[in-house]
Amino acid sequence: MSAGKIYNACIYARLSRDDGDKVESDSITNQRALIRDFIAKHPEIRVVSEKTDDGFSGVNFERPAFREMMDEIRSGKVNCVVVKDLSRFGRNYIEAGNYIERVFPFLGVRFIAINDSYDSIDRNQSDSLIIPFKNLINDAYCKDISVKIRSQLEIKRKNGQFIGAFAVYGYLKDPEDHNRLVPDVYASEIVRAIYKWKLQGMSQGRIADRLNLQGVLCPMEYKLSLGMKVQTNFRVHGKALWTPVAVTRILTNEIYTGVLVQGKCSTPNYKIKKMFQKDESEWIRVEGSHEAVVSRAEFDDVQELLKKDIRSAPDEETVYPFSGYVKCADCGQNMVRKKYRSGGKEYAYFICSTRKAGKECSTHCIRADFLECAVLETVRRQVEAVADLQRMTEILDSLPECKRNVFNYDAQVVKLKEEIERNENFRLKLYENLQEGLIGQDEYFLFKKSYMDKIQSAEAAIRAVEEERKQAVERNRENLKWMDAFRKYQNLEALDRKAVVNLIEEILVFEDKRIEVRFRYGAEYEKLMSRIPAGTELRMAE
């Protein structure tokens, strides 16, 4: 060391739980105290700067405080860096070695790692092989911690445990279990309203406008109102507002149906923090992990709506009931709704969008009022047909030959219960036979065990049969659930957007103004129709 030379030092401290740092021993306060105590014993070192990276991993050197320190070194303000130990400086073997062996010597910087007894001005230590090995150990330790954390998070995802920093809008973290989501009483109602408005025909933009008009806080502002520390770079106004993108994000998030989808993105390894999207087949999807806010049927209906052209007119809040559903029967393109005036009255009609664009397709034009009346009548007939089919199915299920499967379940249970009773009687008589000397003690215990095994086996069989019958009934009920969508539209007076979404797949218009309405659940309808024997006449219920 040169006589009388003064070193302008920067105290550098770092802490990150991601690296497996022990908060008690590696705390920022502990590091500063140790470094200042060391400097107090070295009068040639003068503290001119302190830099702290709290919560930043040592795997890379893109840390804000570290970069500030390097700027001070390059400007000549600092020519000495003091850290508690090499792991506080960094845990990347290559980068740490590059700074210690090349960058700092080139810039004339003295580097001191106190607990590792390393001081770069001591020539005997600077040539030692110990420092590279320590850096390698720190790097390996960080890798080991990363593998353990990744494995632990993977297990939690597969168990349906939520591991995000913040719960999605509409949910809160359970106070008793932060890995479990529970509905937020207020925000979940907003989510339900968004789905309801969408099914009524409102666009995402109009939904966002309504929420802003009603003073509903957007997801980020709502989190801030709850005291959560949320940071974003996308805030444009002083107060963030609802946007069509935010509404779309809610409408497409499967989490509201009680399904937890996690592991959509990851990092290549512990040294690279840049996220990349994983293939959908690698996502971890757990159903029923939390309470649903919207039904699966509502969610699926909304997804179908989002695939269609549902732009609303400038002066209308909601889209027209048939928007996105009317198609040209020849070219398959959407038909566009237009207006015209005649005799002081305004009329609306649908025209093939291909024809409108001047491309080859026959003229497909139909008045909107005629189309609405025709579709309404077709829907009414289909609702009646489904109701009739349901009654036919109930009659068929009540016939003796169709009850055979259910009878088999009951008969099997009765037979098993008789077997249990018979073996129970045998077991009770064993003791009398033992007392009368008809059997020995060894035979008594042997027969008793045999009868008990048969009883337990029969009881287990009864549970299995009853469970199978329960599942059969539930499957049958689930298979007929689609009928509810039609049954609730009995005595339909007019078609609204929700009825169209719930019942209709598409409406085809032919050149001769003939229309064909393709209903949802067509495959289920045909499957039930196939159960009705040809030529069978059943008396329908009044």
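The values are calculated or read from the model by the stated rules, or taken from the named source; none is laboratory data. Quick caveat, the model's predicted, so the values are computed rather than measured. Because the Cβ atoms are built from the backbone with ideal geometry, glycine has one as well, and the counts that use them run over all protein chains shown. The protein model used for the area step is the full one, side chains on, heavy atoms only, and it has no ligands, DNA or RNA in it. Shrake-Rupley method; radii C 1.70, N 1.55, O 1.52, S 1.80 Å.
Taking amide H as placed 1.01 Å from N in the peptide plane, residue 7 has its amide H under 5 Å from the amide H of 45, 46, each at least 5 places away in sequence or on another chain. Here the Karplus relation 6.51 cos²θ - 1.76 cosθ + 1.60, evaluated at θ = phi - 60°, turns the backbone of segment 322-334 into coupling constants of 9, 4, x, 10, 8, 10, 6, 5, 8, 8, x, 7, 5 Hz, with x for every Gly and Pro.
The packing ranking, built from the mean of other Cβ atoms within 10 Å per residue, places the peptides 72-82, 503-513, 411-421, 439-449 in the order 72-82, 503-513, 411-421, 439-449, highest first. Of the solvent-accessible surface of segment 150-214, computed with a 1.4 Å probe and all protein chains present, 51% belongs to carbon and sulfur.
Between the amide H of residue 111 and those of 81, 120, 121, distances stay under 5 Å, these residues lying 5 or more places away or on another chain, with hydrogens modeled in the peptide plane.
Once backbone amide H atoms are built at 1.01 Å from N, residue 326 has 335, 507 as its partners under 5 Å, excluding neighbours fewer than 5 places away on the same chain. For residue 252 and residue 177, what is the calculated FRET efficiency with R₀ set at 30 Å and r taken between the beta-carbons, to the nearest 0.05? Computed FRET efficiency for residue 252 and residue 177 comes out at 0.65.
Using the 1.4 Å probe convention, the accessible area of segment 162-209 works out to 44 Å² per residue with neighbouring protein chains retained.
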